[in-house]
Amino acid sequence: MSAFPVTLDTELLLKQIHELGTVGLDGAGGGRTRIALTDAEKAGRDLLVRWMRELDLEVRIDRIGNVFGILRAAADEAGRKPLMIGSHIDTVRNAGALDGCYGVLAGLAVARAYRSAGLLPARSMVVGAFTNEEGVRYQPDMMGSLVHAGGLPVQVALDTVGTDGTRLGDELQRIGYAGDLEPGAIVPQEYLELHIEQGSLLEAEGRLIGVVENLQGISWQKVTVHGTANHAGTTPTRLRHDAGYVAAAIVAFLREQVVAAAPETTLATTGSLRLEPDLINVIPRRATFTVDLRDPDEQRLQAAEQRLADFLVEIAGREGVRIETERLVRFEPVVFDAGLVDEIEASARRLGFTHRRMTSGAGHDAQMVARIAPAAMIFVPSRAGISHNPREHTDDAQLVQGAQVLLDVVRRRLTAA
């Protein structure tokens, strides 16, 4: 295996990461914004497709806009499933340059290594860029991979109305990425995703490679508290139906009771909160906020959801308000394929890179594809654990090391095919 003549063009990989990172640059702060199906994201897609075609990959686009670059095997037998490498290129607002993009471009680098060596893999390889992973404009997040895996009907996804009032299917048509391939037509034999950690564990421990064994379950809800607006100076506390207070009490309960029940694993976040009428001297009549619950264990996640639900009933009665909840996203925890995880760990060890097995706290396309194929992920360190931020950073050497692990795993899986 040491003489296997496939090597990465690491300089070009880093150059492409930088070039894609300039697409959608914001005027201030140094970030970029390529929200799904916007003109900026179209520009990123166009660049990616150009690079795929420069490698003479077969480019296919499905009805939800997922982009696939296919390197056909020397003898591509009908029905033989490919190895897939994937991630996404859409971003949050004012984002860093690496989240998602690194994994897609490292996949291209692996395909380029085969092309440069004049070799074809024993089994076809696919590099995928999935639509709307971030879920900023259209929910749920990880939508393209969810549709690909059969977890959401394509028509339901196409009919999704975004935060700006647009219909997803119309925007796909507008930017020219409403493909004709049926979602899920390409079913991989196995799926690999290389990603920055977006956390600080690897950096804190001085490890170079994260061998991701599982992903946390995710529960997103929107909570609306309906109270009564009234004068802040003339309404006694005992007569108030204060939506603002109730919202604050729920947020505090999440930390003090829900998280406290399993502090090492359960996470709770309120990332969005809006009060109405939003005036300093008026008791809020309505509070709308989000709850993000996560845990790698399904039973603990369900227990957290139930504790929250019970408290909502209790405080609504106590404070004389009405509370509505809307489920936005619910994904069960995912355990990755043990064989692929072992292969990643073996590659890291073979290449002499320090590593550790770990859980991913963020959601990724890999958790959706895991519904239909064995899947696993490789992490590289994130400086200070920062992501979804212009200061997101991984050293070039670490980006190269992650790509080397990916190539080593791919060549062994495809040679063994």
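The table below lists the values:
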| read-out | value |
| --- | --- |
| Residue order for 15, 81, 42 - accessible surface, 1.4 angstrom probe, largest first | 15, 81, 42 |
| Gyration tensor (alpha-carbon) shape descriptor, the stretch 314-353, a/c threshold 1.5 | prolate |
| Full-stretch length increase - residue 297, residue 76 - with 0.36 nm per residue and alpha-carbon distance subtracted | 75.6 nm |
| Positive-end residue of 74, 29, 114, charge dipole of the stretch 2-139 with Cβ unit charges | 74 |
| Only Lys, Arg (+1) and Asp, Glu (-1) charged, at Cβ; the stretch 217-331 dipole about Cα centre in debye | 360 debye |
| Mean ellipticity per residue at 222 nm, deg cm²/dmol - from DSSP H runs of n ≥ 4 across the chain, formula -39500 (n - 2.57) | -10500 deg cm²/dmol |
| Cβ charges +1 (Lys, Arg) and -1 (Asp, Glu), total dipole of the chain, debye | 120 debye |
| log₁₀ of I(q)/I(0) at q = 0.22 Å⁻¹ - the stretch 217-331, Debye sum with one point per alpha carbon | -1.15 |
| Unit charges at the beta carbon, dipole of the chain: most positive-side option, 5, 183, 291 | 291 |
| Cα gyration tensor category, rounded, prolate or oblate, for the stretch 78-136 with a/c compared to 1.5 | oblate |
| In nm, spacing of pseudo-spin labels at residue 252 and residue 25 (7 Å Cα→C-beta vector) | 4.7 nm |
| Using alpha-carbon coordinates, inclination of helix 10-21 to the longest axis of the chain, degrees | 30 degrees |
| Qualifying GluC sites (Glu not before Pro) in the stretch 211-315, DSSP loop, other Cβ atoms within 10 Å at most 15 | 264 |
| Extension gain (nm, one decimal) between residue 237 and residue 58, 0.36 nm per residue minus Cα-Cα | 57.7 nm |
| Of (1) 83, 58, 44; (2) 67, 54, 38; (3) 81, 45, 42, the label for Cα extents along the principal axes in Å derived from the coordinates | (3) |
| Listed residues 192, 351, 48, most fluctuating in the chain (Gaussian network, C-alpha, under 10 Å) | 351 |
| Cleavage-rule hits, trypsin sites (Lys or Arg not before Pro), the stretch 81-149, DSSP coil, Cβ neighbours within 10 Å at most 15 | 93 |
| Linear extension gain, residue 156 paired with residue 115, 0.36 nm per residue minus alpha-carbon span | 10.9 nm |
| Selection from 306, 157, 241 lying farthest towards where the dipole of the chain points positive, charges on Cβ | 241 |
| Model label zone, residue 282; criterion: amide N under 16 Å from point 7 Å along Cα-to-beta-carbon; scope the stretch 227-260 | 227-235, 241-245 |
| The chain, relative contact order in percent, only Cα pairs under 8 angstrom and at least six apart counted | 22 percent |
| For the stretch 178-253: rounded, prolate or oblate by the Cα gyration tensor [a/c cutoff 1.5] | oblate |
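The values are calculated or read from the model by the stated rules, or taken from the named source; none is laboratory data. None of these values were measured; they are calculated from a predicted model. Counting neighbours? That spans all protein chains shown, and the Cβs are built from the backbone with ideal geometry, glycine included. Please note that ligands, DNA and RNA were not included when accessible areas were found on the heavy atoms of the full protein model with its side chains. Shrake-Rupley method; radii C 1.70, N 1.55, O 1.52, S 1.80 Å.
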